1. Suppose we keep only residues that are assigned to a loop (DSSP other than H, G, I, E, B) and surrounded by fewer than 24 Cβ atoms within 10 Å (Cβ to Cβ) within region B:75-92. Which one would you say is farthest from the other protein chains (Cβ to nearest Cβ)?
2. Does at least one position in region C:106-114 carry a residue that is modelled with pLDDT of 90 or more, within 11 Å of chain A (Cβ to nearest Cβ), surrounded by 17 or more Cβ atoms within 10 Å (Cβ to Cβ) and within 21 Å of A:Ser136 (Cα to Cα)?
3. Name the single residue, out of those in region B:106-125 being buried (at least 21 other Cβ atoms within 10 Å of the Cβ) and within 14 Å of another protein chain (Cβ to nearest Cβ), that is nearest to B:Met19 (Cα to Cα).
4. Just one of C:Val269, C:Val235, C:Val281, C:Val259 is within 12 Å of C:Phe209 (Cβ to Cβ) and either assigned by TED's automatic domain parsing to the domain that holds C:Ser335 or in contact with a Gly (Cβ under 6 Å, 6 or more places away or on another chain) (or both); which is it?
5. With the requirement that a residue be within 14 Å of chain A (Cβ to nearest Cβ) and either open to solvent by less than 20 Å² (accessible area, probe 1.4 Å) or modelled with pLDDT of 90 or more (or both), what does region C:115-130 give you?
6. For region A:28-76, what are the residues that are within 14 Å of chain B (Cβ to nearest Cβ) and surrounded by fewer than 24 Cβ atoms within 10 Å (Cβ to Cβ)?
7. Against the definition (of a type in the set (A, V, I, L, M) and in contact with a strand residue (DSSP E or B) (Cβ under 7 Å, 6 or more places away or on another chain)), how does B:Ile64 come out, yes or no?
8. With respect to A:Ala13, is the statement that it is open to solvent by 30 Å² or more (accessible area, probe 1.4 Å) and part of a loop (DSSP other than H, G, I, E, B) true?
Amino acid sequence: MSSLSELHLDALAEVFSIGAGRAALSLSEIVGDEVRISVPSVQIINSEDINSATLSLNNGRFGAVNQHFRGPFNAEAVLLFTEDQALKIVGDMMGSQMSIDELAEFEHEAMCELGNIILNACLSAMADIFSFTLESSLPDYAVASADEILHRLKENSTQPYIMVLHIDLTIEKRHTAGNLVFLLSSASLDNLVSHLDQFLGNIT
Amino acid sequence: MDSPIKKLLIVDDSKVSRMLIRSHILARRPEWIISEAACGEEAIALIDNDLPDYCTMDINMPGISGTDAAERMLSKYPSIKIVIFSANIQETHQERARLLGTILVAKPVTEKSITLALNCFSDSK
Amino acid sequence: MNKIPATAPESPKMPILRVPPPAPAQPGSNRFDMEDIFHALNLGVCVVDDCGKILLWNNWIAKHSNIKEAEALNQQLEKVFTEPVSPAFLAALKNTLTYRLPVVLSTALHRAPLPLYNAHGTQQQTRMYQSITITPIQSQLSESCCLIQITDSSPSIKREKILRSHSEILKKEATTDSLTDICNRRFFDAHYEMAVADAKRRKHSLSVFMVDIDFFKSYNDYYGHMAGDNVIKLVANALKSQLSRATDIVARYGGEEFVLVMPHLPQQVAEQFAEKLRNAVLNLEIPHLKSRPFNQITISIGLYTGIPGNGDSLLNKADVALYQAKLKGRNRYISLPLCETEEYLEQ
């Protein structure tokens, strides 16, 4: 697992940027406005070293959307939003004049959908590029502190490494911006690496 | 009589993406001469010394955006035929590509998307 | 494409519907007919194949779509309804069929993707708010299908409406002065801007009355702040009680200062109204020993009437008039612009 090269990471970054592009397209169709999503970095981090500080997450409440998926590799993907950013994004997507408190009523389901769009877009990009099929559970949504979420993720994982993606999301005209953290913890990341090798072998 | 040997410049910040485009193009046009740039600024500097016939351009890159780079390149060298290759295919980018007189081809780089780009290149002649 | 072997262990979180194997029957497993349960469910259940053709259609969805099971089966989902299905729903279905990934369509972002109704045959025909999940499943013949589950989220929408009316109360609080219960400065500013724009457009006049309680500071010092607040309330009420048109407003402008805006009054009528305001406060007969020579609470009024132009604002002109009213001895109004005879007398 520690043998991920620059090229591996570059390939993953490209996969996720394509996923981000697809997610942005879906979201823009919902909000009727340009949505920009970029993935500035992909990292593989030792799970021992993962905490709210290393992920530059603050002490606030986070919304976490997670999906379990199976296929050539089984994994749990978690998307973290700060709660107030999440509400702002959903508020903008709904285009209503509702206050943040009122939005809370719809938060759960809307956040599930928002997370689901981004996670599915990344997974489908991966499936297209590496030519495999993934199955996934429906998304779950929970609100907790970053450390609580990370702790649970680490407990469920037997792997020493977690893939971390920082995602920037901007709804153009409304000047809404959010930073999302995408965590991928897998019992079989090695399988992902072998798919990467196979993919890179085809083009080098 | 046009020479079959064409010069193509691939502009993309992802090395893997550049490798993909290169390998797909060379599979179809083995005689082409291919150069690469990792950002818009590098591409603009490069074409002053070595003017390509064709160019594939990513949008989201460090520094200036691919569409801005394409616009600057075309204003200086209108003969270059540029195809925008991007994961971001929202209407605003499609429109921008149209205004530049080019097309936007959706990533991922596959045989199909390369065919679209090659058709666009040959249409221009 | 690597398909996952059918024998792959299933995580308990997988919401994949499996029809139980026909034999051998486990004790108790055949006690219920799955079909009965399926039709009795209080949610919409529909299965489509990889071409979007309907394979299952339960009673709930039949009832709310007014399309019987027999009419729906083997039809294309998007064509079975007489009304259009939302593009987002069709895109989500296509995605699920292509990538085999489950999709959530939330009420918040989609409201009513499918033409389903709560009360068929009645006058009220608004679409039911829905929340939808689309999950890939495999039939026993290994066909790739999609399970569509629909729940009625109208009750939560009702809650949202209640919350919205709560927010309207909050909005009222944000526009009302808490002491006097008349409009506050913030509301006035917004209203004034619209009134000016409206008067400009219609070339109507606008009358602005700036009202100030005379010697209020001495009243406060002598009688105390509580009594002072009470005077502000009484004056606000007296002013408010003079208004009768929906277009007119009175607002608390500052400490003991009020402002009234009334469109489309001839200057003479506006002056009569200013006099009415002055009398209304005089008639309160609130003692004020520090106010000489009146010995009671009085007000001064600056009135300006005119069609708003691009120059100095009506508010500033009314303020100038108020200043003159104070200079001339208080408990009076000054109306601007001066008419010709008054201008003559001034000189």
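The values are calculated or read from the model by the stated rules, or taken from the named source; none is laboratory data. Remember, it's a predicted structure, so these values are computed and weren't measured experimentally. With ideal geometry, Cβ positions are generated from the backbone for all residues, glycine too; neighbour counts draw on all protein chains shown. The area values use the complete protein model at the heavy-atom level, side chains included, leaving out ligands, DNA and RNA. Shrake-Rupley method; radii C 1.70, N 1.55, O 1.52, S 1.80 Å.
1. Initially, region B:75-92 is screened for residues assigned to a loop (DSSP other than H, G, I, E, B), giving B:77-80, B:87-90.
Among the residues that remain, those that are also surrounded by fewer than 24 Cβ atoms within 10 Å (Cβ to Cβ) are: B:77-80, B:89-90.
Values: B:Tyr77: 28, B:Pro78: 28, B:Ser79: 30, B:Ile80: 24, B:Ile89: 6, B:Gln90: 5 Å.
Out of the qualifying residues, it is B:Ser79.
2. Residues of region C:106-114 that are modelled with pLDDT of 90 or more, as a first pass: C:113-114.
From the residues that got through so far, the ones that are within 11 Å of chain A (Cβ to nearest Cβ) too are none.
The answer is no, given that none of the residues of region C:106-114 is modelled with pLDDT of 90 or more, within 11 Å of chain A (Cβ to nearest Cβ), surrounded by 17 or more Cβ atoms within 10 Å (Cβ to Cβ) and within 21 Å of A:Ser136 (Cα to Cα).
3. B:Val109
4. On the way: C:Val269 fails: within 12 Å of C:Phe209 (Cβ to Cβ); C:Val235 fails: within 12 Å of C:Phe209 (Cβ to Cβ); C:Val281 fails: within 12 Å of C:Phe209 (Cβ to Cβ).
On inspection, the qualifying residue turns out to be C:Val259.
5. First, the residues of region C:115-130 that are within 14 Å of chain A (Cβ to nearest Cβ): C:129-130.
Across region C:115-130, the qualifying residue is only C:Gln130.
6. So in region A:28-76, the residues within 14 Å of chain B (Cβ to nearest Cβ) come out as A:28-42.
Of everything in region A:28-76, those that are within 14 Å of chain B (Cβ to nearest Cβ) and surrounded by fewer than 24 Cβ atoms within 10 Å (Cβ to Cβ) turn out to be A:Ser28, A:Glu29, A:Ile30, A:Val31, A:Gly32, A:Asp33, A:Glu34, A:Arg36, A:Ser38, A:Pro40, A:Ser41, A:Val42.
7. Details: of a type in the set (A, V, I, L, M): yes; in contact with a strand residue (DSSP E or B) (Cβ under 7 Å, 6 or more places away or on another chain): no.
So B:Ile64 does not fit the description; no.
8. Details: open to solvent by 30 Å² or more (accessible area, probe 1.4 Å): yes; part of a loop (DSSP other than H, G, I, E, B): no.
For A:Ala13, the condition - open to solvent by 30 Å² or more (accessible area, probe 1.4 Å) and part of a loop (DSSP other than H, G, I, E, B) - is not met.
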